[in-house]
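Here it is, the structure in full.
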Amino acid sequence: MRRIIIGAVALVAVGAIGTAVTLAVSSQVSKPRLTPTGMESDGVVVTDLESFAGTGAVPETPSPEASDAGESASPTPDPTASEKVDIHVYVDYLSPDAGEFERANARQLAGWISEDAVTVSYHPVALLTASSNGTKYSLRSAAAAACVATHSPAQFYAFNHDLLDDQPEVGSDGLSDEDLANLAGAVGVDNAKAVRSCIEDGDFVGWAKEATTRALDGPLAGSDDLVLTAAPMIVANGEAYVGALDDPAEFSQFVLSVASDASRATATPSPTTTP
């Protein structure tokens with residue numbers, strides 16, 4: 001009788017465990033995988049600078065006469081090219097180099113966008129996920145950027161800039177989800193409740209991981225064969241920038257060169273005389 005009772009209890013216990021595992025797996029499988037909206041090739045095309053706190057102070061691109069007065073000129077990409085220069089910036093919000101590039105070039109990029117000389121897309125990626133004491137800050141911040149892009153796209157540029165302008169140090173815990181949501185609120189997101197819920201629930205963490213994998217596998221947006229090798233990685237008209245990240249003049253010359261190449265490639269051929 002004792003063996004029968006023990007056997008019955010064991011069967012009940014095994015059945016309960018099996019049911020629990022089945023429910024857990026079913027719940028995981030049935031949970032929908034969320035994908036952010038307003039993205040193109042896993043990037044956000046910046047078109048609205050109204051919410052950028054520094055936009056009003058963005059200087060106009062210096063004219064050639066400025067250099068005559070002793071000021072350094074920052075040439076504007078050729079607006080006569082058939083297409084604007086297509087710039088893609090891949091950023092890891094924990095990467096010091098990504099922050100350095102943003103701080104050096106944010107106003108220049110904003111000026112070009114305002115002049116309609118370029119299109120700029122920011123692609124959040126997570127290469128330093130293991131460099132924040134287990135908190136996965138790179139992954140969470142990339143997902144948070146996708147939340148803002150989805151629920152309040154007009155504020156994405158300001159949120160992206162703030163994440164890069166004042167970064168936590170590599171090896172630190174980074175910002176908590178609550179801190180990220182508070183930062184989104186500070187830039188004036190339109191739907192603060194939806195943005196906070198999205199960030200704190202980690203709605204787009206899965207997307208951020210997959211977007212990083214796609215970038216590592218390549219090809220990167222606008223290129224034929226480039227793959228993500230570091231963050232930041234800046235690609236203009238399919239060509240990777242390899243210059244100094246903290247030198248806006250060098251970056252400007254690179255973009256100007258790319259624009260000139262595009263202009264020459266699409267130049268209208270001279271008409272031939274009719275016999």
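The values are calculated or read from the model by the stated rules, or taken from the named source; none is laboratory data. Treat the numbers as computed from the prediction; the structure is a model and nothing was measured. Quick reminder, even Gly has a Cβ in these numbers, built from the backbone with ideal geometry, and neighbours come from all protein chains shown.
Looking only at segment 192-212, which residues are polar (S, T, N, Q) and either loosely packed, with under 14 Cβ neighbours inside 10 Å or within 26 Å of residue 233 (Cβ to Cβ) (or both)? Steps first, answer last, please.
Going through segment 192-212, the residues polar (S, T, N, Q) turn out to be 197, 212.
If the condition is that a residue be polar (S, T, N, Q) and either loosely packed, with under 14 Cβ neighbours inside 10 Å or within 26 Å of residue 233 (Cβ to Cβ) (or both), then 212 is the only one that fits.
Next question. Among the numbered criteria (1) touching a residue at least 24 places away in the same chain (Cβ under 8 Å); (2) assigned to a loop (DSSP other than H, G, I, E, B); (3) in contact with a Gly (Cβ under 9 Å, 6 or more places away or on another chain), which single criterion is violated by residue 225?
(1)
Which one is surrounded by the fewest Cβ atoms within 10 Å (Cβ to Cβ), of the residues in segment 133-151 that are closer than 19 Å to residue 123 by Cα and not aliphatic (A, V, I, L, M)? Lay out the reasoning, then the answer.
Kept after step one, since they are closer than 19 Å to residue 123 by Cα, are these residues of segment 133-151: 136-151.
Within this subset, residues satisfying the condition of being not aliphatic (A, V, I, L, M) are 136-138, 140-141, 147, 150-151.
Details: 136: 21, 137: 28, 138: 26, 140: 25, 141: 31, 147: 28, 150: 23, 151: 25.
Looking at residues that are closer than 19 Å to residue 123 by Cα and not aliphatic (A, V, I, L, M), I get 136.
A follow-up question, please. Mind listing whichever residues of segment 190-222 are assigned to a loop (DSSP other than H, G, I, E, B), more than 30 Å from residue 261 (Cβ to Cβ) and either modelled with pLDDT of 95 or more or among the aliphatic types (A, V, I, L, M) (or both)?
Going residue by residue through segment 190-222, those that are assigned to a loop (DSSP other than H, G, I, E, B) are 190-191, 201-204, 218-222.
Those still in the list that are more than 30 Å from residue 261 (Cβ to Cβ) too: 190-191, 201-204.
Residues satisfying the conditions are 201, 202, 203, 204.
Right, here's the next one. Does residue 129 satisfy the criteria of being farther than 19 Å from residue 200 by Cβ and either assigned to a helix (DSSP H, G or I) or out of contact with any Cys (no Cβ under 6 Å at 6 or more places or on another chain) (or both)? Walk me through it before giving the result.
Working: farther than 19 Å from residue 200 by Cβ: no; either assigned to a helix (DSSP H, G or I) or out of contact with any Cys (no Cβ under 6 Å at 6 or more places or on another chain) (or both): yes.
Considered against the rule, which asks whether it is farther than 19 Å from residue 200 by Cβ and either assigned to a helix (DSSP H, G or I) or out of contact with any Cys (no Cβ under 6 Å at 6 or more places or on another chain) (or both), residue 129 comes out as no.
Hey, among the residues in segment 35-53 that are within 14 Å of residue 112 (Cα to Cα) and not in a strand (DSSP E or B), which one's modelled with the lowest pLDDT? If you could, list the steps in order and put the result at the bottom.
As a first pass, look at segment 35-53 and keep what is within 14 Å of residue 112 (Cα to Cα): 45-49.
Those left that are additionally not in a strand (DSSP E or B): 47-49.
Details: 47: 80, 48: 67, 49: 78.
Ranking the qualifying residues of segment 35-53, first place goes to 48.
Now a separate question. Hey, any hits in segment 221-234 for a residue that's in contact with a Ser or Thr (Cβ under 9 Å, 6 or more places away or on another chain), crowded, with 18+ Cβ neighbours inside 10 Å and β-branched (Val, Ile, Thr)?
Residues of segment 221-234 that are in contact with a Ser or Thr (Cβ under 9 Å, 6 or more places away or on another chain), as a first pass: 221-222, 228, 230-232.
From what's left, crowded, with 18+ Cβ neighbours inside 10 Å: 221-222, 228, 231-232.
With the extra rule that they be β-branched (Val, Ile, Thr), the set shrinks to none.
No; the residues of segment 221-234 include none that is in contact with a Ser or Thr (Cβ under 9 Å, 6 or more places away or on another chain), crowded, with 18+ Cβ neighbours inside 10 Å and β-branched (Val, Ile, Thr).
Can you tell me which residues in segment 152-176 are touching a residue at least 40 places away in the same chain (Cβ under 8 Å), crowded, with 19+ Cβ neighbours inside 10 Å and part of a loop (DSSP other than H, G, I, E, B)?
152, 167, 174, listed by residue number.
Residue 203 is checked against (1) free of Cβ contacts under 8 Å to residues at least 12 places away in the same chain; (2) farther than 22 Å from residue 103 by Cβ and fails just one. What number does that condition carry?
Exception for residue 203: condition (1).
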